[in-house]
Structure formats: structure tokens, C-alpha cells
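What follows is one structure encoded as C-alpha cells, with my remarks underneath.
The values are calculated or read from the model by the stated rules, or taken from the named source; none is laboratory data. The model shown is predicted, which means the values in this text are computed figures rather than measured ones. Please note: Cβ atoms are built from the backbone with ideal geometry, for glycine as well, and neighbour counts cover all protein chains shown. To get the accessible areas, we keep the full protein, side chains included, count just its heavy atoms, and leave off ligands, DNA and RNA. Shrake-Rupley method; radii C 1.70, N 1.55, O 1.52, S 1.80 Å.
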Amino acid sequence: MATKKSRQRISYIIESPKASAGHKLGVNGLAVDPDNAILYSGGRDGVICAWDLNLDLKTPRTSSVVDRPNGQKKSSPTTFRSQAIAHMGWINDIVLAQNNTALVSGSSDLTVKVWRPHSQEQDIPQTIGEHADYVKVVAVPPADIGAPWVASGGLDRRINLWDLNGGGKVLSIDCSGEENTEKGSVYALCAGRNLIANGGPESIVRLWDPKSGKPVTKFVGHTANIRSILINDAGDLLLTGSSDQTIKLWSVTAGRCMYTFTMHNESVWSLFSESPDLGVFYSSDRSGLVVKTDVRGSLDHMDDGLSLAVAKETDSVHKIVTCQDHIWTATPSSSINRWASVPTGADIQLPEMYRHHRASSTASRSAAQSPFSASGPATGRAPPPKEISPKSILRISNTAYFPPQLSRDEAGSLVALEQEVEPIHELPEETIEGQFGLLKYKLLHDRRRVLTVDTAGEVVLWDLIQCKPIQSFGKRHLEDVEPEVNQVEAVAPWCSIDTSSGSITVTLDPFNCFDAEVYADELTLDNAADFREDQRINLGKWVLRYLFAGAIDEEIKRDVVYRRNFNSAIEKRLASTHAGAPLSISLPERGIGGFAQMSSLETPRPSAGNFPLQTPGIHIGLATPHPGYGDAAAATTTIPESQTVGRMSVEKEDYFTVGISPVDGGVLKLTTTNPAALTTTTTTDGAAADAKAADADKDKDKDKDKDKDKTDNGATKPPSTPFGKKFRMGMSFTKKSRSASTTAEKPVVTEDKPVDESEDSLNLHEKEVDDSFFGVVQRIRNEYDKQLAANPDIPLESRITPALPSDTPHLNLPKETKVIIKEETSGESSNIYIGTIDTIGRDTDIIEQKGAMWLGELLLQNRMPFKEPVKVSFVLLPYKDELPQLPSTDNNNRLNANRMLRVRKILAYVAEKIDPDWENGEGASPDAMEPEEYLELYCNDQILPHTMSLATLRAHLWKGGTDVVLHYRANGRKVIRLRTPVNTAEGDGGQGEAATEETNAATS
């Protein structure tokens, strides 16, 4: 038997019809695959995107990027390649591994995952590790050493090494430190050939041995959080960027800081270098400035290096990556910009004051010649680059030579001007456009609609059931729009909403996703079905029915094929039997008693050879799915009791019952009159029967009541009333068992008999089903086998009975809506299936394997997990004593009912108790006024709408923890013949009964 599944939840993502590929929130991670010209990006929406750059990243460009000729052909634009929903939280960092075939990501959802975008088998990122807190950074060692691990660091103050092939944790390093253990979080991490370096709020750079996990050394010098670290190819130099606005160069062999760069005036957030010796590196800061620094040459002359302000983003740059002469930047925006790099070779055109100094420096003479200084193509040399503006040159350090910009004041004296940075590029070469993601939401009272505001400030109203936007309110404040669309309504929580991914993610938990119901007449549907009066729709079942409609259709097709094989064999067997039937039938001679003459000792019985066969086609089976499939199926075969357990039927829960009995210290409780209808999960209304049917059943009900009283061991049964019969108000308030009946059944004593081995093996086989979606299919097929064993000549009827459109109205959901099956184990939530409504039918095999059993029972057998209904207690009193009080036991008018009970049903209950015409059946006349037409109900002196439910009344009008107090009164549209109670003498034999004196009273 398969291992029991963990807790599973279903999520679906509602996208805008105008949505395109790309991120919806800011981008935190970037990685470039130069071999395939692919850019990978990881965003705050938890999505990893792959982009085809359409660039040649293996050979450098042969013309200057500072001043490109107008006639030069531009590169093709970047195009979307693919994406994966990797995490349920922010992706903080990504890195390529295993020769660019695996992409590792670290997220705020505490997990480290690997995605293999070129693999056909692994299309969903797999979890390879988990931290105790946010994962901030991931790193891999150089590709040529072939290390099979990836390192990750997070806010749990640990560095973990994970096997890329799913082997789990290889090594764990505690980075808490000796003194400030609370500042040991890992914000920066880099893996070299023989060491791992990390940094964080502790402001200390720590080096570790990746084989043993032991500390190697530490560097102290920064004064703020360390945000980025680079290690050269030899493993003896480190570059670190910090929030203290500096970049430091460390020597591992010397054990000290070799140089401090101060070209930034904001926190340095990202470093990147393609140079094995770190001679050229790029840096970005919180202000959005992108800087290229060239210090190629002797370390003794770094003051002669060059730092250029290449570009300036409008927001902070979280990540910077380069390849050849291209720079990509990631910001809080959902878009990604590509900038042109700037050559820093010997032929760079600098201002005269910088050119003389650079020409005479040792660093300049020993620097490697830039590719742009070489000859161009055979057709001719490229034009000389444009001169760099002095405002684009940054002072590399506080000790470096930096010619001041001088100007004369009014007195004619030379004064130094304040340096104003002017980036070389004002605009990027290309922008990979993102989308406007959702930032905030407000779930409305009906829990079917939600208001959202996106990064552009647009407010949109969405429908959670139909998975589409309803209305756009433009750029307004969310709080201003909410009162315009919110309604006075109370619906039970049935889903959770999340917009952290930039889209609306709706998550359904089997614990409460079936708690919410709405009346069908309150819904706006494109294809409205013929609903019954006061019919309710279960929201969770409704949505799931059409999210997995493709899987249901596929299972029905497979069931038809499965049964066809058996039914064909049955038809052939029956046909062959009929083919051998005699053309004429010889009847035996009639003897005494109508039987042939036989020995007096023999029992008359039909001949075994002439036993009449059942006629094919006469049997009536379950042809189409039906809400009450449990009862219909019982007509052909017996369904085990465990299979008829479902959520309590709401057919008998809508209204008051015929009897009232005190519970819990005098609390009056309404008890059910027909508990036999507790197995169906179809939502029906309690007022389906008309008055004629009620009158026709009156005598039968009396006989049943008598028999019931005899079999209840003396238990008193509440008296029957015309109201309960008219409206079928069979609401149950006693604790329901999981069987089809609420009455306790006596155990049946069975005689031990030998069991046939084949039958025992069949029963054993029925129990061996997987605890998964496929287990439901197995159980259905076991029932087929059981039927064939019991009745081999009866064709099999389908036992797949999904909810009908009358129970779950048809929904035309967008085909691109993503559906996710999540599995929770030890606090971790992982996506085990990701598909769309369009692909679910093709993915039925995967859903059978990975889906939960409760999902299969809901979709294929229309069964929901059992749960007691929530009730509301209230008191009914006459308004200012204009009408008589309701008759009750011990003068207690406290009642309780299902929270979905409507006001008009309460008025009908009042009418039955105080209006003799209504009690005598006058209400059944077509011309008679309904109770809500001449009666009114008040709460806190507010008249209540007839369609308001008890849940809405309690949440928005009563707003208290005690019982709801309701007052009823007449509106004057009808003259009510009031019944005045007259106390009877003790000898009358009445126990709590009263004679009535009828008077005509006009109520107003």
C-alpha cells in the first residue's frame, strides 16, 4: 500500500487577460548563460524567467559602445523563453551550476531549489535544501573543479552545502560568531576553489574550509553590513562591498586589507567581475549608480586606476551581471535593463588633465590593451570613441589623484566646484519589459470579490469564482473604492488570498474550503440554471469542480472504456445463452397445488437447468450523475457505509424543525424530523415540497410518529406542526454520526460462517487502495468487481457521479489559469504539480498519482468531508407587544438555527405560531399572502431584508457575543385573527396546553 499523503492544498492563480510573460514584481537575481545566450532572472513574485538574448556573447564587439555609428545594425530584441513558478516567496538570489544546466535559487520561503530548464523530465523546480529562516544568497565554486554542491546562506546564521543531485545536506557551518551572535546572518557569500567567504551585519568577512567546515581566517575593517563578495580565480584575493559605501580588496596570504575603494556615495549592494584576477569589476549601489572600475596592473599603483559612472537607474540596483560588453541590472521594478559597457583600454578618450596623468602612470602602461584599441574589420577601423565627460569619472579612493573642477568666483579667485556625477549612458540599450504586479488587496464581505491595487496605482475589482477582473476604477485609493462596491453580507471563510507573487493566488484548504455557501438567487451567472427556491451553492466545491473539469472528463472516458470490456463480455454471454434457448417450452402437467407430481418428501423448486434468466436491458441503473447518487446506486448494488459518509446535507438544515426541545440548561434546540437525508452532499432547499404534498403525507407522518415513539425507548418526540410539514424544515442540531442515519442502531448479531477464499481475497483487495486521487478510482473499480461477483449478468453502470450543473452552475474559466497542488510536510510547502485548466485533462495521470483522496472523492463522487454546521442562537419577541408571544416551553423563546437561515423563513415560523389562517393551511392558497408580505422582522430597531441571513445579521447588525434578539411585528397589510391564550383548570387534563379565544385584531 502506498504511503499516506501529507496535507495537500489546492491553489489557483488569477491572471489579467492582458498579462504577458515576465515578472510582475521586482527582480532580485540575475544569471547569464553565455554559451546559449540566455538570461535568467529571479523575482519577488517567486518566478524564474528565462530570456533568449539573441546576442553573440562569445566574441566582443568591434566598435565603440560609447558613440556607436547611426548606421550600425542593432541587435535583435530579447524574447521570452520559459518560466517556472519556483517559490512561494521572494527569490533573493540565483546562480547557474553544473555547466549552466542547473539553476539554483534561494528564497524567503526558506527553501533552496534547483531547476533544470533544459531537461524534459524535470519541469518543476525541486527542493534540495531548507533553512530555518530566509535564504538570502546562493553560490557555487568554479565550474572547472566539478564540485557537486551548492552553498546557501540565510538569516538563520548558517551556511549549508547541498547536493545538487538531491542527496541532501553535505555540510553545515555555524556563522554566529563569538561576540555578536545575533548579527551572524549571511547576506554575502562566495565559493572559491578551496575556501568559502561570507559576510553580513557583523561587518566581518569570514573564510571557511568547504571540506571540513572549519574557519580559516577573518577580515575586520568594514563598519556596516557586507552585501557582496568576490574571490579571484587563484583564491588569494577578495573583493567585498558594504553598506558603509566602500569596496575593499583583501589579501588572503597577507591577511589584511590591501586597498579601499570609495567611488560610491551610497551603500554598495552588488559586485560582479568576469576577470579571473578581478582587474576589472562592476559595482552598483542603493542610489542606482552602476560603476565600472579598471585596476589592471600593479597593486602598488591602484590609485592610478579608473572608475567610470556607466549608468544610473531610477531605483536601487540589487543585482548586476555582465557578459562581454553588456550589463544587466535588476531593480525593484519588474523590468530588466541592458546597458552598454564602456571600454577602459589605452585608447580611451579621457579629458586632457586625466589623460596626461594616466599616460604617465605605471598602471596605464602595464594595463592590458582593450579590444577596442585593436584594428577593426578589414573594411576599415572603427571611428574613435567619444571623449569621456569629466563628470563621468569617479574618484577611485580618498588617496587617489583627482583633478578638481575649478571655477572663478566674483572676486576672480579659483574655487573648486562640487563634483556632480553624470553617467555615460542616459538610457539603456534595451529594456526587458515586466508587468504591473499587485501590491495590496481587500477581500470584500461576500468573499467572492476582491479589490486590488497594482504597481501602477490602478484599482481593479476581481471575481474569485470566475477568475477574471470585473471592473477597473483607474488610479484611485483602495480605501475610497471599497465603500462603493462592498455589501452588507457575511460569508464563512473558504479560501486564503495572497498577492505576494504580483497576482491573486487563491488557496483552498480541505479543512474549511467547503464552509462557505451562497444562495443561488444572489449570483450573477452567464448561464443561469433552473434553481430551486432558496437553493445554496457551496463555493469551494463549485470552484474545484471546474478547475479540474478536464480531469473529470478524462476519468469519465476511462471509466467508459473500463466498463465496456466487462459489459461486452456480459452481452456475449447472455447472447450465447439466449441462442441456445428452446424454440418451444413444455409446461409440466399440473398436479395438486399447481406442481408436477413428485415425492412428498421433496421440496418443490424450479429446475436448475430452467432457472429463468434476467432480461437484458430491463434493469434500471444510474445513467447520469445525480445529486442523490448514494441512494440511486443502492437500487442496484449495496454501497458500503464508509462510502456514503459526506458533509451533512443542507437539504434538512435550512429551516426550523417541527419540534423544539431544551438543551444545555434550558436552551431551546430545534431537532430534525427526517434525519435520513444526511448522506447526500447536494445543496437543496428546504421548501421544495408544496402544501398539497404536505397534506397528503400528514396521515403517514402521524403513523410514523407513533411507531417512532414506540421504538425510542420512551424518549419524548417533539410534536408535529403544520409549519414543519409545509416547509420541510428538517434542520438538525444534534451531533451527527458519519452514517446515513442519526439514530443509534443496535448491533446485528451474525452467525460465524466459513468464508470462501475467493470472496475473502476480494474483500481484502477492496481495502488495498492508495491514499491518493487514484485510490478513489481503485475503490470504484473494486465496487465493479464486487457487483460482478454478486450479479455477473447485470451490466455495470457508472459510479462516477460528479456534481451536476444544477448543484454547481457551469463556469467558463480562463484556460490559462494556473492550478497548483501543494504538499505540506514538516512546515514546508512544496509544489508537487503545476498546470493550467487547459492542460489538466492531459495531466490526469499525474493528478491521479499526486492528488489527495479527498480531491478525488469530491470530483468523482461528489462527496465532501463531514463537518458540523455552524448555528446562530437568537430570541424571537413581539415588537412592543403588538402581537402575542410565541408559544414555548417554560416561556423560553431561545432558538438556534443554521447561520444561512433567511429572514423570510423566520417570518414563516412566526406566522405558523401566531396566525391561525396560516396554521390551518390558508397559506397554501395561491392568493394567500406570504408571511414576509404582512410580517416584518427587526433587529436593533432596524427592519431586516427578507433575504438577509442570520450570519449577516449577526456580523453587521447585532455585533455582539450574546444571543441575537429579534422582534416581529405586522405591517398592517393583513388582518390577523389573534389567538388569546386562556389558562385551563388543572382538571382539564391538559399539560401546558391552552384553550384559545379568537379575536379579530387589525394590526398596524
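In the set Gly192, Gly200, Gly184, Gly221, only one residue is modelled with pLDDT under 95, surrounded by 14 or more Cβ atoms within 10 Å (Cβ to Cβ) and more than 40 Å from the chain's Cα centre (by Cα); that residue is Gly221.
Residues that are touching a strand residue (DSSP E or B) at 6+ places or on another chain (Cβ under 9 Å) and open to solvent by 30 Å² or more (accessible area, probe 1.4 Å) were ranked within region 136-150; the one that is nearest to Cys175 (Cα to Cα) is Lys136. For region 246-268, a residue qualifies if it is outside any strand (DSSP E or B), farther than 14 Å from Leu289 by Cβ and touching a residue at least 12 places away in the same chain (Cβ under 8 Å), and the qualifying residues are Thr246, Val252, Thr253, Gly255. Among the criteria (1) within 30 Å of Asn940 (Cα to Cα); (2) assigned to a loop (DSSP other than H, G, I, E, B), the one Pro865 does not fulfil is (1).
Mind counting the residues in region 100-122 that are assigned to a loop (DSSP other than H, G, I, E, B) and free of Cβ contacts under 8 Å to residues at least 60 places away in the same chain? Count: 8.
Within region 1-35, the residues that satisfy the criterion of being in contact with a Leu (Cβ under 9 Å, 6 or more places away or on another chain) and more than 19 Å from Lys468 (Cα to Cα) are Gln8, Arg9, Leu25, Leu30, Ala31, Val32, Asp33, Pro34, Asp35.
When you check Glu352 against the structure, is it out of contact with any Leu (no Cβ under 9 Å at 6 or more places or on another chain), in the same structural domain as Leu306 (by the TED database) and modelled with pLDDT of 60 or more, yes or no? First the steps, then the outcome.
Values: out of contact with any Leu (no Cβ under 9 Å at 6 or more places or on another chain): yes; in the same structural domain as Leu306 (by the TED database): no; modelled with pLDDT of 60 or more: yes.
For Glu352, the condition - out of contact with any Leu (no Cβ under 9 Å at 6 or more places or on another chain), in the same structural domain as Leu306 (by the TED database) and modelled with pLDDT of 60 or more - is not met.
Results for (1) under 30 Å from Arg9 (Cβ atoms); (2) in contact with a His (Cβ under 8 Å, 6 or more places away or on another chain); (3) open to solvent by 40 Å² or more (accessible area, probe 1.4 Å), shown as yes or no for each residue.
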position: Leu855; (1), (2), (3): yes, no, no
position: Met864; (1), (2), (3): yes, no, no
position: Glu868; (1), (2), (3): yes, no, yes
position: Lys871; (1), (2), (3): yes, no, yes
position: Phe874; (1), (2), (3): no, no, no
position: Gln885; (1), (2), (3): no, no, yes
position: Lys905; (1), (2), (3): no, no, no
position: Asp915; (1), (2), (3): no, no, no
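Count of region 5-57 residues, restricted to those that are in a loop (DSSP other than H, G, I, E, B), open to solvent by 20 Å² or more (accessible area, probe 1.4 Å), over 27 Å from Leu189 (Cβ atoms) and in contact (Cβ under 8 Å) with a residue 12 or more places away in the chain, is 12.
Filtering region 522-534 to residues that are touching a residue at least 60 places away in the same chain (Cβ under 8 Å) and either in contact with a Cys (Cβ under 6 Å, 6 or more places away or on another chain) or surrounded by fewer than 22 Cβ atoms within 10 Å (Cβ to Cβ) (or both) leaves Glu522, Leu523, Leu525, Asp526, Asn527, Ala528, Ala529, Asp530, Phe531, Arg532, Glu533.
Of the residues contained in region 155-167, one or more are found to be open to solvent by 20 Å² or more (accessible area, probe 1.4 Å), farther than 14 Å from Pro141 by Cα and outside any loop (DSSP other than H, G, I, E, B). Please specify each residue of region 834-880 satisfying the condition of being in contact with a Lys or Arg (Cβ under 6 Å, 6 or more places away or on another chain) and closer than 30 Å to Leu935 by Cα. Val870, Val872, Val875, Tyr879 - these are the residues of region 834-880 that are in contact with a Lys or Arg (Cβ under 6 Å, 6 or more places away or on another chain) and closer than 30 Å to Leu935 by Cα. The C-beta contact set for region 869-881 (first residue within 30 Å of Phe514 (Cα to Cα), second residue open to solvent by 30 Å² or more (accessible area, probe 1.4 Å), distance under 6 angstrom, 6+ apart or interchain) comprises Val870/Arg899; Val872/Arg899; Val872/Arg954; Ser873/Asp963; Phe874/Asp963; Val875/Arg894; Val875/Asp963; Val875/Val965. Number of residues in region 168-200 that are among the polar types (S, T, N, Q) and part of a strand (DSSP E or B): the value is 2.
The set of residues in region 826-848 being open to solvent by less than 50 Å² (accessible area, probe 1.4 Å) and either of a type in the set (Val, Ile, Thr) or part of a loop (DSSP other than H, G, I, E, B) (or both) consists of Ile832, Ile834, Thr836, Ile837, Thr839, Ile840, Gly841, Asp843, Thr844, Ile847.
Of the residues making up region 537-548, not a single one is open to solvent by 20 Å² or more (accessible area, probe 1.4 Å) and either of a type in the set (A, V, I, L, M) or assigned to a loop (DSSP other than H, G, I, E, B) (or both). Looking at region 775-803, which of its residues are assigned to a loop (DSSP other than H, G, I, E, B) and either of a type in the set (Val, Ile, Thr) or open to solvent by less than 40 Å² (accessible area, probe 1.4 Å) (or both)? Within region 775-803, Ile794, Leu796, Ser798, Arg799, Ile800, Thr801, Pro802, Ala803 qualify. Only one of the numbered conditions (1) under 27 Å from Gly961 (Cα atoms); (2) buried (at least 16 other Cβ atoms within 10 Å of the Cβ) is violated by Thr889, and that is (2). Annotation: of all residues in region 395-434 being open to solvent by 90 Å² or more (accessible area, probe 1.4 Å) and at pLDDT 90 or above, the one that is nearest to the chain's Cα centre (by Cα) is Glu433.
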